[in-house]
Structure formats: structure tokens, C-alpha cells
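Below is one structure, written out as C-alpha cells; comments come after it.
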Amino acid sequence: MRPVSATLIVLAAVAFIGIFAYVNTLPREQIVDLRGQKNVAIVLKKDGFEPRDVRVTRGAIVTFTTERPNKFWPASNAHPAHDV
């Protein structure tokens, strides 16, 4: 096995820093802070969930509803395994 050259390591580091810097300039969705509320409602609309990103207090009851014609099953884990 050949050793990794210092040049390759530097190039990889520069690429990583560049990607990280670019990602941090992208607009972020506003996180809706609903901590402290005992009941939180999230609605699946035509263009996705509203609110999309939320913070809730542990133990809060989160209710999902939909405005779409089809039934849905919200999941908070990686699809399709849902193994966490």
C-alpha cells in the first residue's frame, strides 16, 4: 500500500473547508421554536410540512394532520429501514 502524499492531504483539507464554507452560506429554513407548548400541530400541505422545522419540548404531544387527499404516515427515522 502506498503512503498518502502530503499534497493529497492538503488538497482534501482545502476541498473540505471550501464545501463547509459554501454550505454555511446557503439559506436556512427558519426553525419554529415551540418549546414550552404541550400540544404542537404540524400540517402536511401541498408543498410539505408546516411548520417544516420545529423544536419541541420533550413530552409534548405532536399531532400530524394533512390537507392532501391521500392518507400518510409521518416517520422521523431514515427511510426505508426506520430502525432507530
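Inside region 30-63, residues that are modelled with pLDDT of 90 or more, of a type in the set (S, T, N, Q) and over 20 Å from ALA75 (Cβ atoms) make up a count of 3. Tell me whether region 18-29 contains one or more residues that are modelled with pLDDT of 70 or more and either part of a strand (DSSP E or B) or on the phi < 0 side of the Ramachandran plot (or both). The answer is no, given that none of the residues of region 18-29 is modelled with pLDDT of 70 or more and either part of a strand (DSSP E or B) or on the phi < 0 side of the Ramachandran plot (or both). Filtered by the rule that a residue be under 15 Å from ALA41 (Cβ atoms), not small (Gly, Ala, Ser) and not in a strand (DSSP E or B), region 54-71 gives VAL56, THR57, GLU67.
Selection over region 44-64 of residues that are surrounded by 10 or more Cβ atoms within 10 Å (Cβ to Cβ) and over 21 Å from GLN30 (Cα atoms) gives a count of 1.
What tally of residues in region 31-56 results from selecting those that are of a type in the set (Asp, Glu) and farther than 27 Å from ASN70 by Cα? Steps first, please.
Let us first name the residues in region 31-56 that are of a type in the set (Asp, Glu), namely 33, 47, 50, 53.
Now restrict to residues that are farther than 27 Å from ASN70 by Cα: 33.
Adding up the residues that qualify gives 1.
Scanning region 51-83 for residues being on the phi > 0 side of the Ramachandran plot and in contact with a Ser or Thr (Cβ under 8 Å, 6 or more places away or on another chain) gives a total of 0.
The values are calculated or read from the model by the stated rules, or taken from the named source; none is laboratory data. Remember, it's a predicted structure, so these values are computed and weren't measured experimentally. Every residue, glycine as well, gets a Cβ built from its backbone with ideal geometry; the counts of neighbours run over all protein chains shown.
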